[in-house]
Amino acid sequence: MHDTTSLLVELGSLLLTLGLIGRFAGRIGLSPIPLYLLAGLAFGKGGLLPLDASEEFVAVGAEIGVILLLMTLGLEYAASELVGSLRTQYPSGLVDFVLNAVPGAIAGILLGWGPVGAVALAGVTWVSSSGVIAKVLTDLGRLGNRETPAVLGVLVIEDLSMALYLPLLTALVAGVGLAGGSIAVVVALGAVGIVLYFALRHGHHLSRAVSSDNPEMLLLVVLGLTVLVAGIAQRLQVSAAVGAFLVGIALSGEVAGAAHRLLTPLRDLFAAVFFVFFGLSTDPTAIPPVLPIALLLAAVTVVTKVTTGWYAARRAGIGPRGRLRAGGALVARGEFSVVIAGLAAATEPRILPLATAYVLLMVLLGPLSARWTEPLLTRLRAALGRGTAPAPHPRGVGAGAAANRQNGRNRPDS
């Protein structure tokens, strides 16, 4: 009974703290992810208030958080959208992978972490945070901008790529080697192909089977199916997160929308627990030594993400200002980086403090980059141009040309 009392007290204190943190983050316009990570560091071993009685419960909640994050992410995509993005955005996806995964892989090799650590750190620096970016675009009123489809296309390619990357990493962490990892990727690729085919051709049958006018029944069936498939996927070394993602893709229509509405509060709750658990697993005293490396990786991958967005928007025919906005919007890293580091921690525990510091930096830099990359670089380019160009004529043709250039810079679709 004493253990149960301690569990309730610790868990209640933790959830109350997370609620207050979330409200504070919302008021200042910040993603709560870095604050959840900091809370985990404060509650974890070596922190101010260690959690002992509730640690096992929080660990299970973190697993559920990952599953719900990926499942609701899958619900946001129709199979036809995924196929369309693969056909049109794969060059941008390849550029994104090369520019952003390579710095992490090189850092892992230089740090002496071996193949597993290098592959894991490559994933940490590669994948942007769909959740943070979607919120930032909404807050800035850019969902209708011409460059936004290019941004979303890159995110879709990244999310779908995780269906192949996570099984490979899971197999490597399990110690099955490159051959076993290749088998896991082939299995995952086959599963993704089957699910996409089924969703395109017969998804309405599954949606009809799980559909219910009773919200309670729909929640139980969808949640039960998701956890079951995630468990089977984990048993097959394909990754529970991938299994949950595929369930989300397979559902469609009104059922997908209703399931998303029902699962969103649960997702937000357990996702917060997941980020806290990641912080709990990290010794805060291990962060200062890796902070210079995290700062260097952050500086490099801010530039590479901006370059990625520039390339993707240019392929879509967007002007220079829109390209800069697209690049700045892609900077934030978050949930996937934490998931990847958590998977690799069993083999390479040194990745936890580095990933924590890196994600904290990138979640904070993401909204700032989205807001300020385009105006700052545009002003810098204009200043350099004024420094080298002849002075405009005070009236007539010179003044008209300057006005035209200014009007062009103010076009929302440029």
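The values are calculated or read from the model by the stated rules, or taken from the named source; none is laboratory data. The structure displayed is predicted, hence computed values, not measured ones. Please note: Cβ atoms are built from the backbone with ideal geometry, for glycine as well, and neighbour counts cover all protein chains shown. Areas reflect the complete protein model, heavy atoms only, side chains present, ligands, DNA and RNA absent. Shrake-Rupley method; radii C 1.70, N 1.55, O 1.52, S 1.80 Å.
For region 77-105, the set of residues classified as surrounded by fewer than 18 Cβ atoms within 10 Å (Cβ to Cβ) and either over 30 Å from L38 (Cα atoms) or modelled with pLDDT under 90 (or both) consists of A78, S80, E81, V83, G84, L86, R87, T88, Y90, P91, L94, V98, listed by residue number. Of the residues making up region 1-45, those that are surrounded by 14 or more Cβ atoms within 10 Å (Cβ to Cβ), free of Cβ contacts under 8 Å to residues at least 60 places away in the same chain and within 22 Å of the chain's Cα centre (by Cα) number 3. Applying a threshold of 9 Å to beta carbon distances and a minimum spacing of six or more residues, or different chains, the list of pairs starting in region 190-206 at a residue that is farther than 20 Å from P167 by Cα and ending at one that is hydroxyl-bearing (S, T, Y) reads A199/S80; A199/S252; L200/S80; G203/S252; H204/S252; L206/S252. Of the residues that sit in region 278-290 and are open to solvent by 60 Å² or more (accessible area, probe 1.4 Å) and within 30 Å of F57 (Cα to Cα), which one is modelled with the highest pLDDT? Filtering region 278-290 for residues that are open to solvent by 60 Å² or more (accessible area, probe 1.4 Å) and within 30 Å of F57 (Cα to Cα), the one modelled with the highest pLDDT comes out as P288. For region 302-321, the tally of residues that are assigned to a helix (DSSP H, G or I), open to solvent by less than 20 Å² (accessible area, probe 1.4 Å) and more than 17 Å from L94 (Cβ to Cβ) stands at 0.
Apart from one condition, L155 fits all of (1) over 16 Å from the mean Cα position of the chain (by Cα); (2) part of a helix (DSSP H, G or I); the exception is (1). Per the conditions (1) within 20 Å of A25 (Cβ to Cβ); (2) hydroxyl-bearing (S, T, Y); (3) not in a helix (DSSP H, G or I), the sole criterion not satisfied by T347 is (1). Here V173 meets the list (1) at pLDDT below 80; (2) surrounded by fewer than 22 Cβ atoms within 10 Å (Cβ to Cβ); (3) under 21 Å from W126 (Cβ atoms) almost entirely, failing just condition (1).
Name the residues in region 230-265 that are assigned to a helix (DSSP H, G or I) and open to solvent by 50 Å² or more (accessible area, probe 1.4 Å), would you? Across region 230-265, the qualifying residues are I232, Q234, R235, G253, E254, R261, L262, P265.
If the condition is being buried (at least 24 other Cβ atoms within 10 Å of the Cβ) and over 15 Å from the mean Cα position of the chain (by Cα), then region 329-368 contributes A344, I351, P353, L354, A357.
Of the residues making up region 138-156, those that are modelled with pLDDT of 85 or more and open to solvent by less than 20 Å² (accessible area, probe 1.4 Å) number 7.
Selection over region 196-229 of residues that are closer than 18 Å to T72 by Cα, under 26 Å from the mean Cα position of the chain (by Cα) and either aliphatic (A, V, I, L, M) or outside any helix (DSSP H, G or I) (or both) gives a count of 9. What number of residues within region 326-357 are at pLDDT 90 or above and over 14 Å from G117 (Cβ atoms)? Within region 326-357, residues that are at pLDDT 90 or above and over 14 Å from G117 (Cβ atoms) number 11.
Using beta carbons and a limit of 6 Å, which pairs, at least six apart or on different chains, have the first residue in region 276-293 and part of a loop (DSSP other than H, G, I, E, B) and the second one surrounded by fewer than 18 Cβ atoms within 10 Å (Cβ to Cβ)? Taking only residues 6 or more apart or on different chains, the pairs are D283/G46.
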